[in-house]
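Quick notes on the structure that follows.
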Amino acid sequence: MGKSRTHSALKTPLNEIFGSKANISVLRLLARVEGLLNHGDIIDRTSLSRQGVYNAVQRLIETGIVKYMGSGNKQLLSLRMDHPLAPDIKDLFIAEQERYKELIKALKKAIEQLQRKPEAAWIFGYVANGKDEYGDPLEIAVLSKLKEVDEITEQLRHQLRESEVEKKFDAVIDLMPLTKADLDTRPELLEQKLEPLWGPHPWQMLTQEGGSGPDKKAPTHQDLDREAQGAALAWAELLRRHPEIISRTVAYLEEQINRNSTGEIKEWREWKHILETMSHQQLKKFLESDTDRAVRLRQSLPFWPVLTEEERDELADLRANK
């Protein structure tokens, strides 16, 4: 008897290659990273279970698009670039990543062009949590003082319309004006994954200021640094898994130092020196340290702006498990 199939492996191989969300997650990771990965790397850097990774890898090996290198427990995985579709698949995932990066750049540019800037702005909701469906809005919180938050938000709406960001990226954008008092009365806004666009991360702002709600007990300096120190443990683990974040952060700091003349330059230069001179183990010890210098610089960790979407998700998971 012949094989029971509904499509041709030769004519329509993408049916098998893109046959499941797990397949796509593994392919996306292999396409975006430089170098080889083992099963543990893929488990750490996707939301897939151990069995899900093994099943997806096995199916992709069978299609010929992924290959093993090495043997035994040291087997590593990569795209099989001599497969006729591999270069195009790699380009497709890179284009997917670049599209979102360009959207973020466009949003930041719109904020930069405002006459009055917000104190902070960040993406929240379904998109930030990676659970949006086509047509769901990209929600952006715009934080500023009570007297100016509505005006700044309306100016940003106008700027986004003028630059046709929604049309260019086929996205619906919703803006939410917020004050720091709103963050105190609506804690659910921070009990989720967030992507900073402008200014400090809102978690960092609340750590620094402790909130202002009438029923909220003001945290002590020790309380605030304990929270920052706990976050630093998650950062240290993320940097161990993805050392390339450090070089990206150094490049980002160089750009900020060259473009700005604010009081933050001193801390940016200090962080740049630290990242260029410390080994990972030294950096880990520094992030966990209770020295005056470490306590001070923990309040301005510079890594957030350079993280990919997957790295932000991974950091949120690490923070939750610390």
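For the reader, a short list of remarks on this structure follows.
- Checking residue 188 against (1) at pLDDT below 95; (2) in a helix (DSSP H, G or I); (3) farther than 21 Å from residue 319 by Cβ; (4) of a type in the set (Asp, Glu), the condition it does not meet: (3)
- Only one of the numbered conditions (1) without any contact (Cβ under 8 Å) to a residue 24 or more places away in the chain; (2) outside the structural domain of residue 174 (by TED's automatic domain parsing) is violated by residue 93, and that is (1).
- Identity of the residue in region 290-322, without any contact (Cβ under 8 Å) to a residue 12 or more places away in the chain and among the hydrophobic types (A, V, I, L, M, F, W, C), that ends up surrounded by the fewest Cβ atoms within 10 Å (Cβ to Cβ): 320
Condition check ((1) free of Cβ contacts under 8 Å to residues at least 12 places away in the same chain; (2) among the aliphatic types (A, V, I, L, M); (3) surrounded by 15 or more Cβ atoms within 10 Å (Cβ to Cβ)) across all residues:
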{"position": "110", "(1), (2), (3)": "no, yes, yes"}
{"position": "142", "(1), (2), (3)": "no, yes, yes"}
{"position": "149", "(1), (2), (3)": "no, yes, yes"}
{"position": "158", "(1), (2), (3)": "yes, no, no"}
{"position": "164", "(1), (2), (3)": "yes, no, no"}
{"position": "169", "(1), (2), (3)": "no, no, yes"}
{"position": "178", "(1), (2), (3)": "no, yes, yes"}
{"position": "183", "(1), (2), (3)": "no, yes, yes"}
{"position": "189", "(1), (2), (3)": "no, yes, yes"}
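- Residue 117 being of a type in the set (Lys, Arg) and outside any loop (DSSP other than H, G, I, E, B): no
- Leading residue by the ranking (farthest from the chain's Cα centre (by Cα)) among those in region 60-79 that are buried (at least 18 other Cβ atoms within 10 Å of the Cβ) and not in a strand (DSSP E or B): 63
- When residues in region 50-76 are screened for being in contact with a strand residue (DSSP E or B) (Cβ under 8 Å, 6 or more places away or on another chain) and of a type in the set (Ser, Thr, Tyr), 1 of them pass.
- The listed residues are 267, 255, and the only one of them that is modelled with pLDDT of 65 or more, in contact with a helix residue (DSSP H, G or I) (Cβ under 9 Å, 6 or more places away or on another chain) and assigned to a helix (DSSP H, G or I) turns out to be 267.
- Exactly one residue out of 43, 24 is closer than 29 Å to residue 128 by Cα, without any contact (Cβ under 8 Å) to a residue 24 or more places away in the chain and touching a helix residue (DSSP H, G or I) at 6+ places or on another chain (Cβ under 7 Å), and it is 43.
- With respect to the conditions (1) closer than 18 Å to residue 177 by Cα; (2) at pLDDT 90 or above, residue 125 lacks only one, and its number is (2).
The values are calculated or read from the model by the stated rules, or taken from the named source; none is laboratory data. These figures come from a predicted structure and were not determined experimentally. Every residue, glycine as well, gets a Cβ built from its backbone with ideal geometry; the counts of neighbours run over all protein chains shown.
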